[in-house]
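Structure first, then comments.
The values are calculated or read from the model by the stated rules, or taken from the named source; none is laboratory data. The shown structure was predicted, so the numbers you read here are calculated from the model rather than taken from an experiment. A quick note on method: Cβ atoms are made from the backbone with ideal geometry, for glycine too, and the neighbour counts reach across all protein chains shown. Remember, those area values only see protein heavy atoms, side chains included, never the ligands or the DNA or RNA. Shrake-Rupley method; radii C 1.70, N 1.55, O 1.52, S 1.80 Å.
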Amino acid sequence: MPHPLGPSTHRPTRFRRAVLAFTVCAATLLGAALLPSTARAADPPLRELAAAKGIYLGNAVAGGALGGNAAYAALAGAQFGSLTPENAMKWGSVEPTRGSYNWAEADQIVAFAQAHGQQVRGHTLVWHSQNPGWLANGGFGAAELRGILQQHIATEVGRYQGRVRAWDVLNELFDEDGSYRSSLWTDTLGTGFVADALTWAHQADPAAELYLNDYNVEGLGAKSDALYALVRSLKAQGAPIHGVGFQAHFVLGQVPATLQANLQRFADLGVDVAVTELDVRLQTPATEAKLSQQAADYGTVVKSCLAVSRCRGVTAWDISDADSWVPSVFPGYGAATLYDAGYQPKPAHHAVAVALGAGTHTSTPSPSASSSPAPGCTAAYTVPNQWNTGFTGGVTVSCPPGSSLGSWRVGWDFTAGQQLSQSWNATCTQTGTRVTCANAAWNGGVTAGGSVAFGFNGTWSGSNPVPVVALN
Ligand code: XIL
(Lines give C-alpha, C1' and ligand atoms only; values in the text may rest on other atoms or scores of the structure.)
Protein backbone atom coordinates (compact mmCIF):
# COMPACT_ATOMS: atom_id res chain seq x y z
CA MET A 1 0.00 0.00 0.00
CA PRO A 2 1.71 3.23 -1.06
CA HIS A 3 2.22 5.71 1.73
CA PRO A 4 0.49 8.96 0.81
CA LEU A 5 3.25 11.16 2.16
CA GLY A 6 6.25 8.86 2.17
CA PRO A 7 9.57 10.00 3.57
CA SER A 8 8.85 13.62 2.72
CA THR A 9 6.95 14.04 6.00
CA HIS A 10 10.00 15.64 7.62
CA ARG A 11 9.51 18.63 5.37
CA PRO A 12 7.79 21.72 6.73
CA THR A 13 4.03 21.80 6.57
CA ARG A 14 4.07 24.07 3.56
CA PHE A 15 5.65 21.30 1.50
CA ARG A 16 2.86 18.98 2.40
CA ARG A 17 0.17 21.27 1.21
CA ALA A 18 -1.13 19.49 -1.80
CA VAL A 19 -1.78 22.56 -3.86
CA LEU A 20 0.20 25.55 -4.95
CA ALA A 21 -1.58 27.83 -7.32
CA PHE A 22 -0.24 30.90 -8.96
CA THR A 23 -1.76 33.58 -11.01
CA VAL A 24 -1.43 33.16 -14.73
CA CYS A 25 1.33 35.14 -16.39
CA ALA A 26 -1.20 37.15 -18.30
CA ALA A 27 -2.51 38.62 -15.08
CA THR A 28 1.00 39.71 -14.13
CA LEU A 29 1.49 41.23 -17.53
CA LEU A 30 -1.77 43.09 -17.34
CA GLY A 31 -0.98 44.31 -13.85
CA ALA A 32 2.50 45.39 -14.83
CA ALA A 33 1.16 47.34 -17.78
CA LEU A 34 -1.59 49.16 -15.92
CA LEU A 35 -0.14 49.73 -12.49
CA PRO A 36 3.04 51.23 -11.10
CA SER A 37 5.72 48.64 -10.46
CA THR A 38 5.14 48.70 -6.71
CA ALA A 39 1.55 47.57 -7.24
CA ARG A 40 2.01 44.87 -9.86
CA ALA A 41 0.21 41.57 -9.42
CA ALA A 42 1.61 39.77 -6.40
CA ASP A 43 4.57 37.44 -6.73
CA PRO A 44 4.30 34.10 -4.96
CA PRO A 45 5.59 34.30 -1.37
CA LEU A 46 9.38 34.60 -1.35
CA ARG A 47 9.66 31.86 1.27
CA GLU A 48 7.90 29.38 -1.02
CA LEU A 49 10.02 30.31 -4.02
CA ALA A 50 13.21 30.06 -1.96
CA ALA A 51 12.24 26.71 -0.46
CA ALA A 52 11.57 25.33 -3.92
CA LYS A 53 15.15 26.29 -4.81
CA GLY A 54 16.55 24.70 -1.66
CA ILE A 55 17.45 27.88 0.23
CA TYR A 56 15.70 30.10 2.75
CA LEU A 57 14.81 33.75 2.40
CA GLY A 58 14.81 35.45 5.79
CA ASN A 59 14.48 38.81 7.44
CA ALA A 60 15.45 40.58 10.66
CA VAL A 61 12.64 41.43 13.04
CA ALA A 62 11.87 43.29 16.24
CA GLY A 63 9.35 42.13 18.80
CA GLY A 64 7.61 45.48 19.15
CA ALA A 65 6.72 45.66 15.46
CA LEU A 66 5.75 41.98 15.29
CA GLY A 67 3.32 42.59 18.11
CA GLY A 68 2.12 46.08 17.22
CA ASN A 69 2.31 46.60 13.47
CA ALA A 70 -0.07 44.40 11.51
CA ALA A 71 1.41 45.10 8.06
CA TYR A 72 4.90 44.32 9.33
CA ALA A 73 3.83 41.12 11.06
CA ALA A 74 1.86 39.94 8.04
CA LEU A 75 4.87 40.31 5.74
CA ALA A 76 7.25 38.79 8.28
CA GLY A 77 5.08 35.70 8.60
CA ALA A 78 4.03 35.24 5.02
CA GLN A 79 7.11 36.12 2.99
CA PHE A 80 10.08 34.85 4.99
CA GLY A 81 11.13 31.35 5.97
CA SER A 82 13.72 32.42 8.52
CA LEU A 83 13.78 35.18 11.14
CA THR A 84 16.76 36.82 12.81
CA PRO A 85 16.06 38.84 15.96
CA GLU A 86 17.43 42.24 14.96
CA ASN A 87 18.49 43.19 18.48
CA ALA A 88 16.63 40.94 20.92
CA MET A 89 19.34 38.31 21.37
CA LYS A 90 22.24 40.72 21.75
CA TRP A 91 23.93 40.77 25.14
CA GLY A 92 22.65 44.22 26.07
CA SER A 93 19.09 43.04 25.42
CA VAL A 94 19.19 39.74 27.27
CA GLU A 95 21.32 40.65 30.32
CA PRO A 96 21.06 44.39 30.88
CA THR A 97 22.04 43.94 34.53
CA ARG A 98 24.51 41.31 35.57
CA GLY A 99 22.71 38.09 36.44
CA SER A 100 19.29 39.49 35.57
CA TYR A 101 17.98 38.21 32.27
CA ASN A 102 15.26 39.54 30.04
CA TRP A 103 14.20 37.04 27.43
CA ALA A 104 10.81 38.55 26.64
CA GLU A 105 11.50 39.88 23.15
CA ALA A 106 13.70 36.98 22.07
CA ASP A 107 11.09 34.49 23.31
CA GLN A 108 8.37 36.41 21.47
CA ILE A 109 10.27 36.25 18.18
CA VAL A 110 11.08 32.55 18.57
CA ALA A 111 7.41 31.82 19.34
CA PHE A 112 6.31 33.83 16.29
CA ALA A 113 8.73 31.87 14.12
CA GLN A 114 7.49 28.55 15.46
CA ALA A 115 3.89 29.57 14.88
CA HIS A 116 4.73 30.44 11.28
CA GLY A 117 6.90 27.44 10.47
CA GLN A 118 10.06 29.53 10.28
CA GLN A 119 13.67 28.90 11.23
CA VAL A 120 15.52 31.23 13.57
CA ARG A 121 19.05 32.56 13.17
CA GLY A 122 20.40 33.53 16.58
CA HIS A 123 22.25 36.84 16.52
CA THR A 124 24.71 37.31 18.18
CA LEU A 125 26.68 35.91 21.13
CA VAL A 126 30.06 37.67 21.05
CA TRP A 127 30.37 41.19 19.65
CA HIS A 128 32.16 44.42 20.45
CA SER A 129 28.91 46.39 20.25
CA GLN A 130 25.55 46.52 22.06
CA ASN A 131 26.99 45.06 25.23
CA PRO A 132 25.52 46.08 28.59
CA GLY A 133 27.37 48.78 30.52
CA TRP A 134 28.24 46.44 33.39
CA LEU A 135 30.13 44.26 30.90
CA ALA A 136 31.67 46.90 28.66
CA ASN A 137 32.89 49.02 31.56
CA GLY A 138 33.45 46.31 34.15
CA GLY A 139 37.25 46.26 33.90
CA PHE A 140 37.25 42.48 34.24
CA GLY A 141 40.50 40.54 34.16
CA ALA A 142 41.03 37.70 31.69
CA ALA A 143 40.00 34.84 33.95
CA GLU A 144 36.79 36.48 35.09
CA LEU A 145 35.88 37.69 31.59
CA ARG A 146 36.37 34.20 30.19
CA GLY A 147 34.04 32.82 32.81
CA ILE A 148 31.45 35.49 32.09
CA LEU A 149 31.61 34.73 28.36
CA GLN A 150 31.32 31.00 28.87
CA GLN A 151 28.32 31.42 31.11
CA HIS A 152 26.63 33.82 28.71
CA ILE A 153 27.01 31.44 25.78
CA ALA A 154 25.89 28.41 27.78
CA THR A 155 22.86 30.26 29.14
CA GLU A 156 21.63 31.78 25.89
CA VAL A 157 22.34 28.88 23.55
CA GLY A 158 21.01 26.48 26.16
CA ARG A 159 17.77 28.42 26.49
CA TYR A 160 17.03 28.15 22.79
CA GLN A 161 18.42 24.67 22.27
CA GLY A 162 16.54 23.00 19.43
CA ARG A 163 14.74 26.23 18.52
CA VAL A 164 17.55 28.21 16.90
CA ARG A 165 18.92 26.62 13.78
CA ALA A 166 22.09 28.69 13.46
CA TRP A 167 23.98 31.08 15.71
CA ASP A 168 26.16 33.99 14.73
CA VAL A 169 28.51 33.03 17.53
CA LEU A 170 31.08 35.72 16.77
CA ASN A 171 30.27 38.96 15.02
CA GLU A 172 32.63 41.42 13.30
CA LEU A 173 35.99 40.16 14.54
CA PHE A 174 38.11 41.99 11.98
CA ASP A 175 39.17 45.48 10.97
CA GLU A 176 39.25 46.53 7.33
CA ASP A 177 42.95 45.67 6.95
CA GLY A 178 42.37 42.12 8.20
CA SER A 179 43.80 42.57 11.69
CA TYR A 180 41.71 41.63 14.67
CA ARG A 181 39.51 44.47 15.83
CA SER A 182 40.43 45.91 19.19
CA SER A 183 37.56 45.10 21.54
CA LEU A 184 36.64 44.09 25.03
CA TRP A 185 37.29 40.52 23.95
CA THR A 186 40.53 40.67 21.99
CA ASP A 187 42.07 43.30 24.27
CA THR A 188 41.57 41.09 27.31
CA LEU A 189 41.56 37.55 25.96
CA GLY A 190 43.76 37.62 22.85
CA THR A 191 42.28 35.52 20.04
CA GLY A 192 42.00 32.07 21.58
CA PHE A 193 38.48 32.89 22.78
CA VAL A 194 37.21 32.44 19.23
CA ALA A 195 37.61 28.67 19.26
CA ASP A 196 36.50 28.55 22.90
CA ALA A 197 33.29 30.45 22.15
CA LEU A 198 32.46 28.01 19.35
CA THR A 199 33.17 25.06 21.62
CA TRP A 200 30.98 26.42 24.43
CA ALA A 201 28.13 27.05 21.98
CA HIS A 202 28.51 23.55 20.57
CA GLN A 203 28.33 22.07 24.06
CA ALA A 204 25.14 23.97 24.78
CA ASP A 205 23.40 22.86 21.54
CA PRO A 206 25.28 20.22 19.56
CA ALA A 207 22.77 20.45 16.70
CA ALA A 208 23.00 24.22 16.20
CA GLU A 209 24.98 25.47 13.20
CA LEU A 210 27.70 27.82 14.39
CA TYR A 211 28.73 30.79 12.28
CA LEU A 212 31.25 33.59 12.15
CA ASN A 213 29.59 36.71 10.77
CA ASP A 214 31.07 39.93 9.38
CA TYR A 215 30.63 42.83 6.95
CA ASN A 216 32.86 44.04 4.11
CA VAL A 217 33.91 40.43 3.64
CA GLU A 218 31.51 39.74 0.77
CA GLY A 219 34.09 40.18 -1.97
CA LEU A 220 37.74 39.19 -2.16
CA GLY A 221 40.01 41.48 -0.15
CA ALA A 222 42.21 41.84 2.91
CA LYS A 223 39.35 41.53 5.38
CA SER A 224 37.78 38.48 3.77
CA ASP A 225 41.27 36.94 3.45
CA ALA A 226 41.68 37.28 7.20
CA LEU A 227 38.30 35.67 7.83
CA TYR A 228 39.16 32.94 5.36
CA ALA A 229 42.45 32.23 7.12
CA LEU A 230 40.66 32.08 10.48
CA VAL A 231 38.03 29.64 9.20
CA ARG A 232 40.72 27.45 7.68
CA SER A 233 42.67 27.42 10.91
CA LEU A 234 39.54 26.70 13.01
CA LYS A 235 38.72 23.79 10.70
CA ALA A 236 42.30 22.52 11.01
CA GLN A 237 42.03 22.68 14.82
CA GLY A 238 38.77 20.77 14.72
CA ALA A 239 36.79 23.65 16.23
CA PRO A 240 33.01 23.46 15.70
CA ILE A 241 32.64 26.00 12.92
CA HIS A 242 29.85 25.25 10.47
CA GLY A 243 29.24 28.39 8.52
CA VAL A 244 30.24 31.90 7.58
CA GLY A 245 27.75 34.75 7.44
CA PHE A 246 28.25 37.60 5.00
CA GLN A 247 26.27 40.57 6.25
CA ALA A 248 25.97 42.31 2.86
CA HIS A 249 25.07 45.85 3.90
CA PHE A 250 25.63 47.19 0.41
CA VAL A 251 25.63 50.61 -1.21
CA LEU A 252 23.61 50.94 -4.42
CA GLY A 253 25.45 49.51 -7.41
CA GLN A 254 28.32 48.22 -5.30
CA VAL A 255 27.68 44.52 -4.92
CA PRO A 256 31.23 43.16 -5.25
CA ALA A 257 31.86 41.43 -8.57
CA THR A 258 33.67 38.70 -6.66
CA LEU A 259 30.74 37.86 -4.36
CA GLN A 260 30.01 34.44 -5.84
CA ALA A 261 33.67 33.47 -6.12
CA ASN A 262 34.23 34.52 -2.53
CA LEU A 263 31.24 32.56 -1.22
CA GLN A 264 32.53 29.58 -3.17
CA ARG A 265 36.04 29.72 -1.74
CA PHE A 266 34.67 29.68 1.79
CA ALA A 267 32.31 26.82 0.90
CA ASP A 268 35.32 24.95 -0.47
CA LEU A 269 36.82 25.05 3.02
CA GLY A 270 33.99 22.77 4.08
CA VAL A 271 31.62 25.26 5.71
CA ASP A 272 28.18 26.54 4.79
CA VAL A 273 27.78 30.14 3.74
CA ALA A 274 24.84 32.51 4.07
CA VAL A 275 24.02 36.11 3.32
CA THR A 276 22.87 37.28 6.73
CA GLU A 277 21.95 40.99 6.72
CA LEU A 278 21.26 42.08 3.17
CA ASP A 279 20.22 45.63 2.42
CA VAL A 280 21.11 48.02 -0.40
CA ARG A 281 21.13 51.64 0.68
CA LEU A 282 20.84 54.56 -1.67
CA GLN A 283 21.06 58.31 -1.36
CA THR A 284 17.56 59.54 -0.73
CA PRO A 285 15.27 60.43 -2.33
CA ALA A 286 14.71 57.18 -4.19
CA THR A 287 14.08 57.51 -7.91
CA GLU A 288 12.81 54.93 -10.36
CA ALA A 289 16.33 54.53 -11.74
CA LYS A 290 17.80 53.97 -8.30
CA LEU A 291 15.10 51.46 -7.38
CA SER A 292 15.74 49.62 -10.59
CA GLN A 293 19.49 49.42 -9.87
CA GLN A 294 18.62 48.29 -6.36
CA ALA A 295 16.44 45.53 -7.80
CA ALA A 296 19.37 44.38 -9.94
CA ASP A 297 21.62 44.38 -6.87
CA TYR A 298 19.22 42.29 -4.80
CA GLY A 299 18.81 39.89 -7.72
CA THR A 300 22.58 39.53 -8.07
CA VAL A 301 22.95 38.59 -4.43
CA VAL A 302 20.20 35.96 -4.55
CA LYS A 303 21.57 34.50 -7.78
CA SER A 304 25.06 34.34 -6.27
CA CYS A 305 23.73 32.37 -3.33
CA LEU A 306 21.83 30.01 -5.62
CA ALA A 307 24.99 29.42 -7.62
CA VAL A 308 26.90 28.16 -4.57
CA SER A 309 25.54 24.83 -3.40
CA ARG A 310 26.60 25.39 0.22
CA CYS A 311 24.84 28.76 0.38
CA ARG A 312 21.98 28.06 2.76
CA GLY A 313 20.01 31.25 2.38
CA VAL A 314 19.71 35.00 2.23
CA THR A 315 18.45 37.12 5.12
CA ALA A 316 17.36 40.65 4.38
CA TRP A 317 17.89 43.25 7.09
CA ASP A 318 14.61 44.85 8.13
CA ILE A 319 11.17 44.41 6.70
CA SER A 320 10.47 47.84 5.19
CA ASP A 321 12.09 51.18 4.56
CA ALA A 322 10.14 52.45 7.57
CA ASP A 323 11.89 49.91 9.81
CA SER A 324 15.40 50.04 8.40
CA TRP A 325 18.40 50.85 10.57
CA VAL A 326 20.02 52.64 7.61
CA PRO A 327 18.79 56.26 7.86
CA SER A 328 19.87 56.60 11.48
CA VAL A 329 23.33 55.15 10.89
CA PHE A 330 24.12 56.44 7.38
CA PRO A 331 22.80 60.00 7.17
CA GLY A 332 21.45 60.83 3.71
CA TYR A 333 20.89 57.18 2.86
CA GLY A 334 17.78 55.04 3.09
CA ALA A 335 15.19 53.10 1.07
CA ALA A 336 17.40 50.04 1.52
CA THR A 337 14.87 47.22 1.94
CA LEU A 338 12.42 45.13 -0.11
CA TYR A 339 9.27 47.06 0.90
CA ASP A 340 8.58 50.76 0.86
CA ALA A 341 7.54 52.70 3.94
CA GLY A 342 3.91 51.80 3.20
CA TYR A 343 4.79 48.06 3.21
CA GLN A 344 4.30 47.74 -0.55
CA PRO A 345 6.78 45.56 -2.46
CA LYS A 346 9.49 47.50 -4.28
CA PRO A 347 11.10 46.48 -7.57
CA ALA A 348 13.75 44.72 -5.46
CA HIS A 349 11.08 42.39 -4.10
CA HIS A 350 10.07 41.39 -7.61
CA ALA A 351 13.74 40.96 -8.58
CA VAL A 352 14.25 38.58 -5.67
CA ALA A 353 11.15 36.63 -6.70
CA VAL A 354 12.40 36.42 -10.28
CA ALA A 355 15.88 35.36 -9.15
CA LEU A 356 14.13 32.61 -7.20
CA GLY A 357 12.32 31.44 -10.32
CA ALA A 358 9.05 33.36 -10.37
CA GLY A 359 7.63 35.32 -13.25
CA THR A 360 10.55 34.94 -15.63
CA HIS A 361 7.96 35.27 -18.37
CA THR A 362 7.27 38.94 -17.67
CA SER A 363 10.17 40.22 -19.75
CA THR A 364 9.57 37.87 -22.69
CA PRO A 365 5.84 37.34 -22.97
CA SER A 366 4.72 34.47 -25.13
CA PRO A 367 2.46 35.44 -28.05
CA SER A 368 -0.51 33.59 -26.63
CA ALA A 369 -0.16 35.27 -23.26
CA SER A 370 0.01 38.76 -24.69
CA SER A 371 -2.64 38.31 -27.38
CA SER A 372 -5.29 36.64 -25.22
CA PRO A 373 -4.76 37.58 -21.62
CA ALA A 374 -6.61 35.42 -19.17
CA PRO A 375 -6.39 37.09 -15.77
CA GLY A 376 -6.84 34.82 -12.85
CA CYS A 377 -6.35 31.47 -14.58
CA THR A 378 -4.20 29.25 -12.40
CA ALA A 379 -2.38 25.93 -12.43
CA ALA A 380 -2.51 23.82 -9.27
CA TYR A 381 -0.14 20.90 -8.64
CA THR A 382 -1.09 17.94 -6.48
CA VAL A 383 0.49 14.63 -5.53
CA PRO A 384 -2.49 12.29 -5.12
CA ASN A 385 -0.29 9.26 -4.66
CA GLN A 386 3.30 8.57 -3.62
CA TRP A 387 5.20 5.41 -2.76
CA ASN A 388 8.80 4.54 -1.97
CA THR A 389 10.33 5.32 -5.37
CA GLY A 390 7.49 6.70 -7.45
CA PHE A 391 4.57 9.07 -7.42
CA THR A 392 1.58 10.18 -9.40
CA GLY A 393 1.20 13.90 -9.93
CA GLY A 394 -1.67 15.93 -11.27
CA VAL A 395 -2.13 19.48 -12.48
CA THR A 396 -5.45 21.27 -12.84
CA VAL A 397 -5.64 24.37 -15.01
CA SER A 398 -8.63 26.51 -13.98
CA CYS A 399 -10.05 29.84 -15.08
CA PRO A 400 -12.40 32.07 -13.08
CA PRO A 401 -15.63 33.42 -14.56
CA GLY A 402 -14.78 36.00 -17.21
CA SER A 403 -11.47 34.40 -18.26
CA SER A 404 -10.73 31.53 -20.61
CA LEU A 405 -7.81 29.91 -22.44
CA GLY A 406 -7.53 28.52 -25.99
CA SER A 407 -4.33 26.67 -25.25
CA TRP A 408 -2.02 26.32 -22.25
CA ARG A 409 1.45 25.34 -21.14
CA VAL A 410 2.48 24.58 -17.59
CA GLY A 411 6.10 24.48 -16.42
CA TRP A 412 7.97 23.73 -13.23
CA ASP A 413 11.35 22.60 -11.94
CA PHE A 414 11.87 19.28 -10.21
CA THR A 415 14.46 20.56 -7.74
CA ALA A 416 15.01 17.31 -5.86
CA GLY A 417 16.06 15.07 -8.74
CA GLN A 418 12.57 13.80 -9.60
CA GLN A 419 12.21 12.28 -13.06
CA LEU A 420 9.10 12.24 -15.18
CA SER A 421 8.26 8.80 -16.61
CA GLN A 422 4.89 9.16 -18.37
CA SER A 423 2.05 11.63 -18.75
CA TRP A 424 -1.57 11.64 -19.90
CA ASN A 425 -3.91 14.33 -21.18
CA ALA A 426 -0.91 16.56 -21.95
CA THR A 427 2.39 16.37 -23.81
CA CYS A 428 5.16 16.65 -21.21
CA THR A 429 8.91 16.81 -21.64
CA GLN A 430 11.68 17.03 -19.06
CA THR A 431 15.06 18.62 -19.79
CA GLY A 432 17.33 18.62 -16.75
CA THR A 433 15.15 19.78 -13.89
CA ARG A 434 12.70 21.61 -16.14
CA VAL A 435 9.34 20.03 -16.97
CA THR A 436 7.06 21.57 -19.56
CA CYS A 437 3.57 20.26 -20.33
CA ALA A 438 1.40 21.52 -23.20
CA ASN A 439 -2.25 20.76 -23.80
CA ALA A 440 -3.19 17.75 -25.91
CA ALA A 441 -5.04 18.35 -29.20
CA TRP A 442 -8.43 17.92 -27.51
CA ASN A 443 -8.10 19.85 -24.23
CA GLY A 444 -6.50 23.23 -25.00
CA GLY A 445 -9.71 25.10 -24.29
CA VAL A 446 -10.43 26.09 -20.70
CA THR A 447 -13.81 27.76 -20.44
CA ALA A 448 -14.62 30.65 -18.13
CA GLY A 449 -15.24 29.12 -14.75
CA GLY A 450 -14.01 25.74 -16.03
CA SER A 451 -10.94 23.57 -15.67
CA VAL A 452 -8.96 20.78 -17.32
CA ALA A 453 -6.65 18.29 -15.67
CA PHE A 454 -3.68 16.19 -16.71
CA GLY A 455 -1.53 13.69 -14.89
CA PHE A 456 1.85 12.05 -14.85
CA ASN A 457 4.00 9.49 -13.11
CA GLY A 458 7.50 10.15 -11.87
CA THR A 459 10.29 8.75 -9.76
CA TRP A 460 11.85 10.35 -6.69
CA SER A 461 14.26 9.63 -3.87
CA GLY A 462 15.16 11.59 -0.77
CA SER A 463 12.36 14.09 -0.99
CA ASN A 464 9.59 15.06 -3.37
CA PRO A 465 8.78 18.71 -2.70
CA VAL A 466 5.81 20.31 -4.43
CA PRO A 467 7.26 22.53 -7.15
CA VAL A 468 6.30 26.08 -7.97
CA VAL A 469 4.24 25.84 -11.16
CA ALA A 470 3.78 28.56 -13.75
CA LEU A 471 1.06 28.74 -16.35
CA ASN A 472 1.79 30.63 -19.53
C1 XIL B 1 21.75 46.92 13.99
C2 XIL B 1 20.25 47.02 14.18
O3 XIL B 1 19.62 46.87 12.94
C4 XIL B 1 19.88 48.32 14.82
O5 XIL B 1 18.50 48.34 15.17
C6 XIL B 1 20.71 48.58 16.06
O7 XIL B 1 20.43 49.86 16.54
C8 XIL B 1 22.18 48.45 15.74
O9 XIL B 1 22.43 47.17 15.18
N10 XIL B 1 25.65 44.49 11.82
C11 XIL B 1 25.05 43.63 12.69
C12 XIL B 1 23.69 43.95 13.22
O13 XIL B 1 25.56 42.53 12.93
O14 XIL B 1 23.48 43.44 14.50
C15 XIL B 1 23.42 45.41 13.19
O16 XIL B 1 22.06 45.63 13.57
C17 XIL B 1 23.70 45.99 11.83
C18 XIL B 1 25.15 45.79 11.48
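Here are a few things to note about the model shown:
- With eigenvalues of the C-alpha gyration tensor scaled by 5 and rooted, the chain, Å: 44, 25, 20
- Counting all C-alpha pairs of region 49-101, share separated by more than 19 Å (%): 42 percent
- Sorted on the mean count of surrounding Cβ atoms within 10 Å across their residues, most packed first, peptides 159-165, 463-469 read 463-469, 159-165.
- Magnitude of the charge dipole for the chain, about its Cα centre and with charges confined to Cβ atoms of Lys, Arg (+1) and Asp, Glu (-1), is about 1400 debye.
- Helical segments meeting 24 Å axial Cα length and Kyte-Doolittle -1.0 threshold in the chain (DSSP H): 142-159, 288-306
- Measuring spread by the Cα atoms of region 77-154 yields a radius of gyration and Dmax of 14.4, 47 Å.
- For region 310-357: rounded, prolate or oblate by the Cα gyration tensor [a/c cutoff 1.5]: oblate
- Solvent exposure of region 45-98, expressed per residue, is 26 Å² of accessible area, with all protein chains present and a 1.4 angstrom probe.
- Between the listed residues 308, 188, 458, the Cα displaced farthest toward the positive end of the dipole of the chain, a dipole computed from Cβ unit charges relative to the Cα centre, is found at 458.
- Legend: calculated FRET efficiency, residue 392 to residue 128, from the Cβ-Cβ distance at R0 = 56 Å, rounded to 0.05, equals 0.50.
- Mean-position separation - Cα centroids, region 426-457 and region 160-204, in angstrom: 53 Å
- The chain, relative contact order [Cα under 8 Å, separation at least 6], %: 19 percent
- The Rg/Rh ratio of region 367-471, with both radii computed over alpha carbons and Rh defined as the Kirkwood radius, is 0.99.
- Ordering of 239-247, 183-191 by packing is 239-247, 183-191, highest average first (other Cβ atoms within 10 Å, averaged per residue).
- Projected label points at residue 258 and residue 232, each 7 Å from Cα along the beta carbon direction, are separated by 1.4 nanometres.
- Per residue, region 124-170 exposes 40 Å² of accessible surface when a 1.4 Å probe is rolled over the protein heavy atoms with every protein chain present.
- Over the chain: helical MRE at 222 nm, DSSP H runs n ≥ 4 each giving -39500 (n - 2.57), nearest 500: -9500 deg cm²/dmol
- Projected label distance in nm at residue 151 and residue 220, using a 7 Å step from Cα toward the beta-carbon: 4.7 nm
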